[in-house]
Amino acid sequence: MKSFYIETFGCQMNVHDSEKVIGTLLAQGYEQVETPEAADLVFYNTCSIRDKAEQKVFHRLQQFKKESGNGKTFAVLGCVAQQEGERIFERAPHVSLVCGSASYNKLPELLVQLETGNRRATGLSLDTDETFETPLTRRDNPNRAYITIIEGCDKSCAYCVVPFTRGPERSRTADSVLREAGELAAAGYSEIQLLGQNVNSYRDPSPAGFDFATLLRKLGDVPGLRRVRFTTSHPRDFGKDIVDAISENPALCNHVHLPVQSGSTHVLSRMQRSYTRDEYMRRIEWMKASPRQIAITTDIIVGFPGETDEDFQQTLDLLDQVEYDSVFSFKYSRRPNTPALRYDDHLPEEEKGRRLAILQERQRQIQIRRNAAYVGRTEEVLVEGFNKATGQWIGRTSQHKTLNFIRPNGSDESLTGRYLDVLVTRSGPNSLVGEAVQ
Ligand code: 5AD
Ligand code: SF4
């Protein structure tokens with residue numbers, strides 16, 4: 001039996017793609033192993049969102065070439081594969097297979113090509129209206145499952161490689177999404193996370209033609225599903241009907257990740273984000289007006305070309321105004337093919353670094369303050385596991401906050417996968433601490 005090893009970089013879409021690739025390989029008779037050393041086939045599922053992420057895979061490939069590459073087959077999947085294409089064979093000649101996510105349907109066929117003596121195989125077409133459907137998905141987490149609802153991206157944000165690496169938008173039929181959700185619930189998964197580069201532009205391609213909010217409501221009614229999450233949203237397509245669905249259905253988690261990227265309308269326009277700061281704030285107001293307390297998180301890029309000190313101050317001001325529960329922040333990174341590459345007012349690295357540090361410190365203070373307000377409250381968590389080092393159980397609230405807790409006078413029985421009420425007793429900038437309620 002042939003064996004394979006796979007390492008995954010990047011976002012949850014990539015993590016889930018790997019689960020599908022693993023399922024497909026197992027069904028082809030391959031065996032999965034835990035180290036690249038033990039494998040005949042080594043897969044890297046790669047990310048190219050920022051330069052640093054892209055460098056990682058070339059570093060890995062180099063490392064292996066020196067150490068023990070002989071006799072192994074190397075395959076590069078995902079966003080770097082799509083972006084670099086056959087150039088990967090020049091940069092790393094020991095690679096035999098290069099395949100982007102829009103071509104994963106062809107993986108078994110490409111592997112046969114290699115087995116029958118071809119030195120190289122590629123799957124790089126973006127010209128597809130298919131999604132990567134596989135009933136063979138191999139899921140690792142026994143309680144929470146990812147479900148892809150839409151692949152690709154039709155936006156053209158000036159900084160972003162994704163439209164080039166994941167191809168055009170394709171939605172799955174609502175039937176197939178609901179069937180998968182039902183099967184997962186029946187198999188014991190209580191939480192699902194819907195995935196897509198822009199889930200808000202979901203549109204059922206079958207005659208029913210459900211939009212995203214309708215799909216959410218239907219998923220919220222699937223028996224056995226206690227939590228439905230989704231990521232990621234685009235403010236332009238984020239309608240009030242989504243907030244209404246969350247307000248009315250407790251199975252839909254009260255957490256929305258709504259990437260803003262910048263607090264300056266001028267920068268947003270140069271980013272080709274197609275919304276203004278005011279339009280973004282209207283969406284925040286819908287959420288703040290919900291009877292459920294909706295946690296709001298975001299992504300921010302600092303140091304985009306042409307970002308003035310005044311623009312940056314507006315982003316800091318937006319942090320104060322929204323009071324996010326958490327923020328993922330990045331220095332702008334130049335990406336191949338993207339429109340922003342051609343702008344002539346790029347900022348020096350040190351200035352980007354300076355702004356990032358200021359922004360992160362400002363947000364840290366906000367999170368310390370916000371999380372402190374949870375002390376004394378009781379929150380329901382889904383238990384994710386036990387941390388031996390701290391002696392605490394790891395819980396996750398519906399708002400997606402980490403709530404680590406102890407069980408006073410408890411037994412040794414495992415709590416993983418259960419839902420429990422936990423009293424919050426302490427808080428920090430990134431997590432809460434508490435005690436299970438008896
Ligand atoms: N440079 C820095 N950050 C980027 N992101 C996307 N492209 C870039 C880039 N070129 C960030 C955005 C996006 C998140 C997934 O990564 O904030 O929302
Ligand atoms: Fe990285 Fe974006 Fe590709 Fe995800 S879609 S792996 S974040 S480049």
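Computed quantities for the displayed model
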{"read-out": "For Ser398, net neighbour charge (Lys/Arg +1, Asp/Glu -1) across residues whose Cβ lies under 10 Å away", "value": "+3"}
{"read-out": "Distance (nanometres) between label positions extended 7 Å along Cα→Cβ at Asp221 and Glu109", "value": "3.9"}
{"read-out": "Whole-Hz couplings from phi, Karplus 6.51/-1.76/1.60, listed for segment 384-395; x for Gly and Pro", "value": "9, x, 10, 9, 4, 4, 9, x, 10, 7, 9, x"}
{"read-out": "Solution diffusion estimate, µm²/s, Stokes-Einstein, segment 252-333, Kirkwood Rh from C-alpha pairs, 37 °C, viscosity 0.692 mPa s", "value": "251"}
{"read-out": "Segment 292-426: Rg to Rh, with Rh as the Kirkwood radius over Cα pairs", "value": "1.12"}
{"read-out": "Two-site FRET efficiency, Leu136 against Gln365, from Cβ-Cβ distance with R₀ of 35 Å, rounded to 0.05", "value": "0.15"}
{"read-out": "Zone residues, segment 144-180, relative to Ala27, backbone N less than 16 Å from point 7 Å out along Cα-to-Cβ", "value": "148, 176-177, 180"}
{"read-out": "Mean Cβ neighbour count within 10 Å, used as a protection proxy, ranking 216-222, 244-250, 78-84 highest first", "value": "78-84, 216-222, 244-250"}
{"read-out": "Set Lys155/Lys331; Lys20/Lys331; Lys155/Lys218; Lys155/Lys401; Lys72/Lys106 screened for pairs whose C-alpha atoms are more than 23 Å apart", "value": "Lys20/Lys331; Lys155/Lys218; Lys155/Lys401"}
{"read-out": "Where Rh is the Kirkwood radius over Cα pairs, Rg/Rh for segment 79-167", "value": "1.01"}
{"read-out": "Length added when fully stretched, Arg282-Asp175, from 0.36 nm per residue minus Cα-Cα", "value": "35.3 nm"}
{"read-out": "DSSP-defined beta bridges in the chain - what % are antiparallel, rounded to 5", "value": "35"}
{"read-out": "Extension gain, Ser431 back to Gln392 (0.36 nm per residue minus Cα-Cα distance, nm)", "value": "12.8 nm"}
{"read-out": "Förster radius 25 Å - calculated FRET efficiency between Gln12 and Glu380 (Cβ-Cβ, nearest 0.05)", "value": "0.65"}
{"read-out": "Proximal lysines to Lys65, defined as alpha-carbon separation beneath 26 angstrom and excluding residues fewer than eight positions away on the same chain", "value": "Lys2, Lys52, Lys56"}
{"read-out": "The chain: C-alpha pair distances exceeding 40 Å, %", "value": "21"}
{"read-out": "Positive dipole terminus of the chain, leading residue within Phe328, Gly23, Gln193 (C-beta point charges)", "value": "Phe328"}
{"read-out": "Whether segment 367-438 is rounded, prolate or oblate, judged on the alpha carbon gyration tensor where a/c under 1.5 counts as rounded", "value": "prolate"}
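All of the numbers you see were taken from the coordinates with simple rules; none came from a lab. All of these numbers come straight from a predicted model, not from anything done at the bench. Positions of Cβ are backbone-derived with ideal geometry, glycine not excepted, and every protein chain shown enters the neighbour counts.
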